[in-house]
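Working notes, beginning with the structure itself.
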């Protein structure tokens with residue numbers, strides 16, 4: 001791939017050569033409470049910290065609807081300007097999404113950068129993407145966010161004289177027009193690159209599906225403990241940190257369940273409330289692993305301030321990527337530090353399992369439950385395996401769960417739970433359901 005054009009624009013939306021001083025702004029609209037607004041601002045503060053900045057002030061307003069010019073009321077906007085001066089803030093971050101016009105008007109009034117929650121999440125994703133596909137996905141979302149927000153600057157009145165036949169004495173193009181055209185070209189290039197990378201990923205998935213192994217995808221709110229669980233189960237060595245979006249790129253490992261049957265276990269990017277649509281769109285090829293799974297393991301952080309809200313947020317994103325139809329096993333994590341909360345959540349959600357991904361508590365119960373769930377989505381197939389075909393018998397044991405074996409003249413009668421892919425590959429030995 002060519003060098004990202006976003007680097008020329010500034011690779012991120014928050015300056016990290018210093019710890020920026022940030023004022024947070026939240027608005028309580030009808031249907032939400034002040035407590036919910038404060039909780040959302042607390043999460044935004046954690047996002048800002050992850051991005052490399054510090055909260056130095058906070059402002060909240062109640063409104064029936066956003067002001068079309070400032071988002072907050074004009075008086076509140078002036079109050080916000082005074083707060084920024086008092087705390088020497090570098091940037092103002094709104095918990096709600098700002099339109100390009102609102103952002104522009106606020107920056108003119110405040111005399112400093114004004115961004116929204118979406119921009120902060122994009123910035124964090126930009127820091128944490130490491131693979132070629134992850135970087136391209138983040139850059140695409142970032143450029144789509146920037147494009148409508150480009151404004152004429154000091155150099156906008158300068159024109160580039162266009163040459164060529166029929167172009168004499170043309171006014172030329174402003175820097176703004178040139179920047180927009182270059183960004184659109186870069187977006188088109190990234191979309192082509194991602195289509196190619198997506199095809200590579202599809203080929204990899206087809207190879208995995210031909211293996212006949214069931215596919216299990218770990219999903220959950222960011223920082224819920226998904227990567228820790230994957231490491232505990234498979235020694236995957238995935239980065240685990242107590243911060244938001246520490247892992248963006250999916251990791252797949254092989255896991256043997258208690259009955260001996262192997263499955264493919266994949267960790268995915270964490271979700272968050274109001275995950276920017278542009279990011280969901282850009283990461284669809286990565287998130288598609290959830291839609292293709294045989295089962296989802298939904299990890300919940302019981303120690304979070306609002307675990308039920310996080311469960312709802314994850315399911316909202318799953319619905320957006322058409323993965324809500326995939327069976328889900330709810331796993332309530334952090335039993336070591338929030339045992340009472342874990343107990344309540346398990347009681348409220350039938351079939352949920354309590355674990356501590358950090359200490360390993362409850363892991364055996366989780367694996368037993370997952371094994372039982374997967375057995376419900378695999379059919380019991382009867383096969384006649386000739387005594388000389390030890391390779392076929394080994395495949396059945398490796399890819400499925402043997403229910404029974406009966407010795408018969410000339411062949412071993414085997415009943416086993418197998419995926420559709422395995423049953424198809426062993427079709428010549430299948431004698432019935």
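Quick look at the values:
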{"read-out": "Residues of region 254-267 that turn out to be under 18 Å from residue 221 (Cα atoms) and touching a helix residue (DSSP H, G or I) at 6+ places or on another chain (Cβ under 6 Å), as a count", "value": "2"}
{"read-out": "Test for residue 156: is it in the same structural domain as residue 181 (by TED's automatic domain parsing), at pLDDT below 90, in a helix (DSSP H, G or I) and touching a strand residue (DSSP E or B) at 6+ places or on another chain (Cβ under 7 Å)", "value": "yes"}
{"read-out": "Matching residues, region 49-73, being surrounded by fewer than 16 Cβ atoms within 10 Å (Cβ to Cβ), touching a helix residue (DSSP H, G or I) at 6+ places or on another chain (Cβ under 9 Å) and more than 14 Å from residue 105 (Cα to Cα)", "value": "54, 62, 63"}
{"read-out": "Residue in region 350-363 that is in a helix (DSSP H, G or I) and without any contact (Cβ under 8 Å) to a residue 24 or more places away in the chain present", "value": "no"}
{"read-out": "Residue under evaluation residue 368, criteria (1) farther than 30 Å from residue 302 by Cβ; (2) assigned to a helix (DSSP H, G or I), criterion not met", "value": "(1)"}
{"read-out": "Residue among 399, 408, 382 that is over 19 Å from residue 224 (Cα atoms) and loosely packed, with under 14 Cβ neighbours inside 10 Å", "value": "408"}
{"read-out": "Subset of region 405-432 [at pLDDT below 85 and either assigned by TED's automatic domain parsing to the domain that holds residue 295 or in a strand (DSSP E or B) (or both)]", "value": "416, 417, 418, 432"}
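The values are calculated or read from the model by the stated rules, or taken from the named source; none is laboratory data. Note that this is a predicted model, so its numbers are computed, not measured. A quick note on method: Cβ atoms are made from the backbone with ideal geometry, for glycine too, and the neighbour counts reach across all protein chains shown.
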